[in-house]
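The values are calculated or read from the model by the stated rules, or taken from the named source; none is laboratory data. Everything numeric here is computed off the predicted structure, so don't read it as measured data. When we count neighbours, we look across all protein chains shown, and the Cβ atoms used for this are built from the backbone with ideal geometry, even at glycine.
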């Protein structure tokens, strides 16, 4: 497919969806001589958020690894940004929108990767309601809309207030489904009404690019990390080589993360059209599925990871119980509060409650959303889950250690 074939579909001024795509909850403050576009401003707003910074200490696949060369969540986000930029640039789409979605797509990920996500989902259904689910795509949108703040020119903090197209890309980015072809939806739905992951297509072609780039970015790197940590047996490595050698990789003797990414990107750019959607050839799509099946069977369900998952469950449910005590003590008028023996965790969580609860308001944070009514048990539990979801692996481990120390 020739370069620039999607140029008429790019989310730029003149696109029928453009005005809706750049819509915010309210106008951002104006900078004199501002040279950034609306999507460019979103990119930097996410880049400077605390949620983005924390990704460097959040799990991608291997929990709280001490090996400096194993992929973390922030590296994965940057890989997705790189892949997305390459594809969107070739196709003629809006690279600034792609970069903004890509850099923010995982800011709502829980500590300890998808296991942390599963634990939080269980806590939601137990302590909020049986129908309340936790999934990181929706949590990314929640963080962006209600929790993450930036300090404005007047010293007051405000929420990120991202554009509709970027917010849409955050909640619709799920890369876990095997879509043979991706096309954007037509309707600009209320994003708060999306109740389940992988059920709604992105609103923009750029969002579709990020969605498939998410998968392209992690498959090869996860294999590379598994090899670095020597968790694949000779039999498993042989099985992987058979899968890879069934496909053409030029002159490469042994397919690597680099050759896999190159293969997927080149194939996608060659076969995607506005008519057929963002898609891979049948052969390369099957390769992606085969690699994913291998990774789930031999890496994501490896015995070492399974052992750590039980530890993660223990840590996160334990921390949730302590946070409940802190939240209850915070609103209690009783003199004899239960001691948590967690001075650092208690200090940090109380600061969080003071910022986001309806019971407290400081001039510095008066413009941000007040999302908890702390006299309500549901909201106190929700605050505990939100705070827990924002933790890094290291912070969670330190906090848990604090809970069992005297």
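A few comments on the model shown:
- Screening residue 129 against (1) assigned by TED's automatic domain parsing to the domain that holds residue 41; (2) more than 15 Å from the chain's Cα centre (by Cα); (3) at pLDDT below 95; (4) part of a loop (DSSP other than H, G, I, E, B) leaves a single unmet condition, (1).
- Those helices (runs of 4 or more DSSP H) lying entirely in the stretch 1-62 with at least 2 residues more than 30 Å from residue 229 (Cα to Cα) and in contact with a helix residue (DSSP H, G or I) (Cβ under 7 Å, 6 or more places away or on another chain): 18-21, 38-47
- With respect to the stated conditions, residue 86 fails to be part of a helix (DSSP H, G or I), within 14 Å of the chain's Cα centre (by Cα) and within 19 Å of residue 221 (Cβ to Cβ).
- Scan of the stretch 143-193 for residues that are assigned to a loop (DSSP other than H, G, I, E, B), at pLDDT below 95 and over 19 Å from residue 209 (Cα atoms), ordered by number: 152, 153, 154, 155, 156
- Answer residue from the stretch 268-293, given it is part of a helix (DSSP H, G or I) and modelled with pLDDT of 95 or more and is surrounded by the fewest Cβ atoms within 10 Å (Cβ to Cβ) among those: 270
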